[in-house]
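See structure below.
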Amino acid sequence: MIDLIQFVAVLSCSLFAGAAIYINFVEHPARMGCGTEIAATVWAPSYKRATVMQVALAVVSTIAGVSSWLIAGEILWLIGAMLIFSVMPFTLIAIMPANKQLLDPGLDRASASTRALLEKWGKLHGVRSVRSLAAAAAFLVSILQA
């Protein structure tokens, strides 16, 4: 049973990290290259779709990581679980204000302030990428040590 739980932790965390990194290195730069108005317009549907997937992956990974720690007693499982969990409050506290501004129907999508907001969002999202990658690494190191 522990093997399945650990597999789920590694898989869900790695999928989260891969998606987050893809957003930072491919999707967000591509939309920014299309001009501010287009970037702001396509950001909203992308954000809404990614939110469902990434919340589910973060929750599953956190639960599986904590469960692995409780069963196996390896501290790296707890560290990984705390790292992947940390993206959720970070998103709510640091990124959500930018999300709300970008989703505002009255937003001037072509403005310089919107471009600055999108650039800020990309940097903040990078924190999620780093934390999730660190969590995946902690999980993988724990498996490799076993």
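Please treat every number below as a calculation from the coordinates, not as lab data. None of these values were measured; they are calculated from a predicted model. All Cβ positions, even for glycine, are placed from backbone atoms using ideal geometry, and neighbour counts span all protein chains on display.
How large is the Rg to Rh ratio of region 2-145 when both quantities use alpha carbon positions and Rh follows Kirkwood?
1.06
So, in Å, what gap is there between the alpha-carbon centers of region 9-45 and region 70-109?
That distance is 15 Å.
If you stretched the chain out fully between Val59 and Ala94, how much longer would it get, using 0.36 nm times the residue separation minus the C-alpha to C-alpha distance?
Gain on extension, Val59 to Ala94, equals 10.7 nm.
Stokes-Einstein at 10 °C, 1.306 mPa s, Kirkwood radius from Cα pairs: D for region 74-146 in µm² s⁻¹?
For the chosen part, D equals 115 µm²/s.
So if each residue of separation counts as 0.36 nm, and I subtract the Cα-Cα distance between Leu4 and Lys120, what length gain in nm does that give?
Extra length from Leu4 to Lys120 when fully extended: 37.9 nm.
Please report, ordered by residue number, every helix of the chain (full DSSP H runs) that is 20 Å or longer along its axis going by C-alpha atoms and whose mean Kyte-Doolittle hydropathy reaches 1.0.
TM-like helix candidates: 2-22, 75-90.
List the relative contact order of region 2-145 as a percent without decimals, with contacts defined as Cα pairs under 8 Å and 6+ residues apart.
39
Select from Ser129, Thr41, Tyr22 the residue farthest towards the positive end of the dipole of region 2-145; place +1 on Cβ of Lys and Arg, -1 on Cβ of Asp and Glu, and compute about the Cα centre.
Checked the options; the winner is Thr41.
Using a Förster distance of 22 angstrom, determine the FRET efficiency expected from the C-beta separation of Leu70 and Leu144, and round it to 0.05.
0.60
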